[in-house]
Every structure is written in structure tokens, then in C-alpha cells.
Amino acid sequence: MLSKTGSYPAYSGLSTYYVPSSPKSRNEAIALASLRGYNKNPPDCQRERPETTMDARKVYIETYGCQMNLADTELIVGLLKPHGYQPTQVAAQADVILLNTCAIREHAEERVLSRLGELVRHKTRRPGVLLGLTGCMAQHHRERLLDKAPFLDLVLGPDAYRTLPALLAQEDKDEPLVSVRLDRDETYADITPARGEGVRAWVTAMRGCDKFCTFCIVPYVRGRERSVPLAALLAQVRELAAQGYKEVVYLGQTVNAYRDGDRDFADLLRRTAEVDGIERIRFTSPHPADMSGQVIEAMATCPKVAPYLHLPLQAASNRVLARMERGYTVEQYAALVERLRAAVPGLALSSDIIVGFPGEEESDFRATYDFMAEVRYDSAFMFKYSAREGTKAYKWGETLAEEEKGRRLQEIITLQERISADINQQTVGQTVDVLVEGPAKRQQGWLAGKSGQFKTVVFPSTGTRPGDVVPVRVVSATAHTLVGEA
Ligand code: SAM
Ligand code: SF4
């Protein structure tokens with residue numbers, strides 16, 4: 001088995017603390033932000049309305065980044081509800097406004113900063129409103145964020161959500177509060193996330209990451225790898241089944257590294273498959289180096305485990321993979337794909353690819369392009385490398401112009417679109433089992449759902465309801481959608 005671990009930097013040792021700021025500069029920042037065009041008219045749905053009820057305090061959360069962040073938002077709402085907070089979709093009605101953020105790429109951080117500038121108007125119009133930043137970007141920049149956004153009231157890292165109700169309950173909120181302590185043991189196993197309605201529930205199985213790929217900020221902002229106890233996960237899944245959820249998606253940065261004592265991820269999959277009412281099990285993201293024979297065996301033998309796998313590759317040049325410290329070679333990755341495809345017939349594969357990593361030559365890029373053409377992923381998330389301060393690769397600087405990175409990215413996007421369309425076209429005439437999710441977005445009177453291979457399928461409604469699994473015959477396909485008839 002391939003394996004790889006990295007050393008972890010010392011913990012910050014910081015716990016919750018106040019960052020003294022001159023009231024003048026803070027207030028000036030709030031007023032200034034409001035003047036700098038950030039007080040443009042909000043869309044109708046966001047216009048401020050007078051509060052009609054003082055019953056529950058309201059929290060508005062915008063989520064950026066990956067599925068883990070969406071799951072963390074559900075966790076934050078779950079933490080706040082017992083303290084009298086209700087979620088709202090309208091920032092203008094909220095007492096607390098939070099941006100739950102991502103630090104993976106610089107672009108994501110820029111979007112958050114500009115959004116903060118827009119949201120600060122709620123503080124100027126309704127004094128008492130608290131504006132906070134949670135998640136990976138909060139952990140990444142910590143108190144430095146207050147230089148860029150001095151009007152922030154809260155800066156909370158991913159392991160500090162538990163402190164939120166107490167922070168909000170504090171009388172004196174004049175100074176910004178920063179809580180960014182990483183905690184090797186925090187799994188929030190005892191907190192029930194406040195999930196939205198639907199047929200699919202996201203369940204965080206493990207947090208953090210020990211891999212330290214040289215380009216990636218995750219281990220620094222999410223801390224050490226740790227798993228939620230198996231019993232807690234199974235209790236959660238039974239509860240979800242009782243509430244009517246049909247599909248469970250286990251989440252973790254290296255979800256297949258899951259471990260509880262001598263129980264591993266394969267055990268978790270098998271035990272989950274025993275839960276009545278749960279029809280499908282998925283997980284994201286497994287790391288290729290942790291893809292054990294037992295997990296492959298569990299995927300092959302548990303019918304509830306869906307035939308779909310997101311298996312991030314990043315690059316297909318051994319030189320680049322080694323510099324990324326991914327812990328596998330392209331030959332090992334290819335052998336793994338072969339083994340998976342042999343074990344799980346009809347397996348749909350997706351991947352993450354980065355172009356423009358420092359030192360990536362044209363020949364390295366061509367190797368990635370050719371490998372993608374050969375493996376033929378069903379879909380892929382493709383990114384331009386973004387230098388992240390604090391990572392090993394950051395020190396190597398950028399070796400490619402933005403334009404060249406863009407050119408490479410466009411080449412693989414075009415390739416992948418063609419492959420996805422081609423693979424989907426081959427399903428025309430076949431019948432796929434669709435877990436119905438609800439009305440289709442574009443066609444009135446149509447339903448949408450996902451096939452086992454995680455493809456979006458739309459079809460005219462025949463009276464089936466969300467949660468039903470129905471056979472649908474595919475009549476046409478695009479790169480992103482299968483169109484069918486039930
Ligand atoms: N843990 C998963 C794995 O390694 O297989 C991936 C999780 S990461 C949050 C999601 C993806 O973001 C990565 O697979 C990678 O492609 C991309 N990513 C991470 N750091 C990046 C960076 N500095 N620049 C561009 N893309 C990045
Ligand atoms: Fe961990 Fe994935 Fe980031 Fe590598 S890319 S450090 S495995 S989260």
C-alpha cells in the first residue's frame with residue numbers, strides 16, 4: 001500500500017482573545033466601507049425590513065469552498081440553535097452574519113474580502129449586528145484579517161466553532177474576538193448538524209489532514225487528521241434514515257484514512273450499509289495513497305456503495321507528483337484505477353487536476369493531458385495553481401505566467417468536456433436507477449435526481465416523489481446531464 005505522512009508545525013497555542021483596536025479606527029472603517037460603494041442598493045430580497053418579532057435571534061451564513069465547509073455551516077447552525085438562534089436566508093434580517101470561508105485558492109479569499117465589504121453596511125444601518133468570518137480563511141490569516149477588515153467582530157477557525165455561542169453571549173462586544181486554536185481532538189461528534197431538507201445528507205467522518213502536499217494549505221488551517229468515532233457516525237446515520245434521508249455522503253480531506261481503533265474506512269462502509277432506509281453511500285475525497293484493498297473490496301461487495309469515485313490525481317508527471325509530495329507515482333495511480341475498474345463494473349471516476357504547479361514544464365503538462373485522455377474521467381475539477389503562503393511550494397515562487405496557466409487550464413477543460421459528453425452519450429438507450437431529488441431547475445414539470453454514477457438525470461415527472469429510486473431510460477445526453485424518460 002502506498003502511504004505518506006508529513007510533519008506538522010507546532011500548534012499556534014492561541015485561544016480566544018481580544019484584539020485591541022482603537023474604537024476610532026474601527027468605527028471609521030465601518031463608516032468608510034459603507035461610503036465606498038459598499039452600500040449600493042441590495043437586491044430586493046435583501047432589503048432591510050423592520051423586525052416584526054424579537055423571539056429568536058437570527059444568523060445568516062454564506063458558505064464558500066468545498067462540501068466540508070457546507071457541512072461545517074450545518075454544524076454551526078446546529079451549535080447555535082439550542083442557544084436561541086434561527087437561520088435566515090436574508091442578511092438584512094440577521095443579528096449575526098457569518099462568512100464560512102475557504103483558503104484553498106487566492107481567488108476564493110479575494111471574493112470573501114469583497115463580499116465582507118458589501119455586508120458591512122448591515123452594521124452601519126443596524127448597530128448591534130455582528131459580522132464574523134469563520135473557517136479556513138479565518139485560520140489562515142487570523143488577526144491579520146483585522147488589518148484588511150477592521151470592522152470584523154469575530155474571526156473563528158474550524159476547530160473553534162464550539163466557542164461561538166459563548167462569544168455571542170458576551171456582553172462586551174466592542175473589540176473583535178479571535179478564536180483560532182487548532183485542536184487535535186475536536187470532531188464535534190456530539191453536535192447534531194442542522195441539515196436542510198433533501199434526500200442526501202453530508203456526514204463528516206474525519207477532519208484535518210496529515211498529508212502536507214506541498215501546494216496545499218489544508219493541513220495548516222484544518223489541523224491534524226482525526227476521525228469521528230464509528231458508533232457516533234452510525235448513530236447519526238440511523239437518525240438520518242429515520243428522518244427520511246436516503247443517501248449518506250461521508251466527508252473528509254482524506255476520508256479513506258478513516259480510523260477508529262482497529263476499525264477502518266471499509267468497516268465504516270460495511271456497517272453503514274446495514275442501516276435500513278439508507279439506499280446509497282458515497283464518500284469524498286479519498287486519497288489514492290490510502291485506497292486499501294479492503295476499501296475496494298467493500299465498494300465491490302456492498303450494493304449500497306455507489307459506483308462512483310472522486311480520486312484526485314493532481315498531475316500525471318512523476319516529476320511534478322514528487323514535488324507535490326503526493327505519495328504515489330503515475331504508474332501506481334494508473335494501476336489503482338485499473339484495479340478499481342476491474343472490481344467495480346461501471347465505476348464512474350472523477351478527479352482534481354492542478355495546472356501550472358511551480359516547475360511544471362510543457363512536457364509535464366502534456367503528460368497530464370495525455371493521461372486524462374487515456375483514463376477518461378467522467379468529470380474533473382480543474383484548477384490553476386494558486387500559491388498559498390505557508391505551504392512548501394509557496395517558497396518556490398511561480399514559474400509560469402498567469403496567461404500560460406490559463407492556456408493549459410483551457411486545454412484540459414476542452415478535453416474533459418469532450419470526454420464527459422462522449423461517455424454520457426454512450427449511456428443513451430440504457431436504463432439507470434435515479435434517486436429522485438426534486439423538481440428540475442430548468443424544465444417545468446420535470447424531476448431531477450442522480451444516478452448511482454452521480455450523474456444528474458432529468459426526466460418528465462410521472463408522479464414519483466423525492467426519495468424514490470426509479471428506473472429512467474436515457475434518451476439524450478450532454479457533458480453534464482442525462483435526459484431520460486421514466
Ligand atoms: N484531500 C483531497 C486530495 O488530496 O485528494 C483534496 C482536497 S482539496 C480541498 C481539493 C482540491 O483543491 C485538491 O485536490 C486540489 O486539486 C485543489 N487545490 C488544493 N490546493 C490548491 C492550490 N494551492 N492551487 C490550486 N488548487 C489547489
Ligand atoms: Fe491533504 Fe488533500 Fe491538501 Fe493533500 S491536497 S494536503 S491530501 S487536503
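Of note:
- Where labels lie 7 Å past Cα in the beta-carbon direction, separation of residue 86 and residue 389 in nm: 4.2
- Protein accessible area in segment 370-426, 1.4 Å probe - carbon and sulfur %: 53
- If you look at the Cα atoms of segment 111-211, you get an Rg and a Dmax of 15.4, 45 Å.
- What the Cβ-Cβ distance of residue 271 and residue 464 gives, at R0 = 35 Å and to the nearest 0.05, is a FRET efficiency of 0.75.
- The chain, relative contact order [Cα under 8 Å, separation at least 6], %: 11
- Relative contact order for segment 207-263: 38 percent, from Cα pairs under 8 Å spaced at least 6 residues apart, divided by residue count.
- Relative packing of 153-160, 437-444, 382-389, which averages over residues the other C-beta atoms within 10 Å, highest first: 153-160, 382-389, 437-444
- With the convex hull of the Cα atoms taken as the outline of segment 87-134, the averaged projected area works out to 3.4 nm².
- Between residue 374 and residue 111, the modelled labels are 3.4 nm apart [label points 7 Å from Cα along Cα→Cβ].
- Figure legend: label point modelled 7 angstrom from the Cα of residue 430 along Cα→Cβ; residues of segment 324-363 with amide N under 12 Å from it are 345-349.
- Taking the 1.4 Å solvent-accessible surface of segment 239-287 as the whole, the part contributed by carbon and sulfur is 35%.
- Counting only lysines at least 8 places from residue 450 when in the same chain, those with an alpha carbon closer than 21 Å to its own are 246, 304, 441.
- About the Cα centre, charge dipole magnitude for segment 97-187 (Lys/Arg +1, Asp/Glu -1 at Cβ), debye: 380
- By average C-beta atoms within 10 angstrom, highest first, the peptides 302-312, 458-468, 110-120: 302-312, 110-120, 458-468
- Using a Förster distance of 51 Å, the FRET efficiency for residue 410-residue 56 (Cβ separation, nearest 0.05): 0.60
- Candidate lysines for bridging to residue 173, where Cα separation is under 24 Å - those fewer than 8 sequence places away on the same chain excluded: 24, 58, 81, 123, 148
- Computed log10 I(q)/I(0) for segment 247-319 at 0.16, 0.18, 0.21 Å⁻¹: -0.54, -0.67, -0.89, from the Debye equation with unit scatterers placed on every C-alpha and solvent omitted.
- 1.4 Å probe accessible area per residue over the chain, in Å²: 43
- Debye intensity ratio I(q)/I(0), log10, segment 264-419, q values 0.14, 0.15 Å⁻¹ (C-alpha model): -0.74, -0.82
- Protection proxy ranking, highest mean first, for peptides 172-184, 94-106: 94-106, 172-184, where packing is the per-residue count of other beta-carbon atoms within 10 Å, averaged.
- Take the Cβ atoms of residue 170 and residue 118, set R0 to 22 Å, and the FRET efficiency comes out at 0.25.
- Set the Cα radius of gyration of segment 277-327 against 2.2 N^0.38 Å, with N its number of residues, and you get 1.41.
- Degrees separating the helix 330-343 axis from the principal Cα axis of the chain, which is the longest one: 70
- Among 424, 150, 193 the positive-end extreme of the charge dipole of the chain (Cβ point charges): 150
- Percent breakdown of C-alpha pair distances by 10 Å bin, ordered from the shortest bin, for the chain: 4, 18, 27, 27, 18, 5, 0
- Rg over Rh for segment 316-369 works out to 1.03, both radii taken from alpha-carbon positions and Rh defined as the Kirkwood radius.
- Cα→Cβ-extended label distance, 7 Å offset, between residue 473 and residue 197, nm: 3.3
The values are calculated or read from the model by the stated rules, or taken from the named source; none is laboratory data. What you see is a predicted model; the values in this text were computed from it and never measured. Glycine also receives a Cβ, built like all others from the backbone with ideal geometry; neighbour counts cover every protein chain displayed. Please note that ligands, DNA and RNA were not included when accessible areas were found on the heavy atoms of the full protein model with its side chains. Shrake-Rupley method; radii C 1.70, N 1.55, O 1.52, S 1.80 Å.
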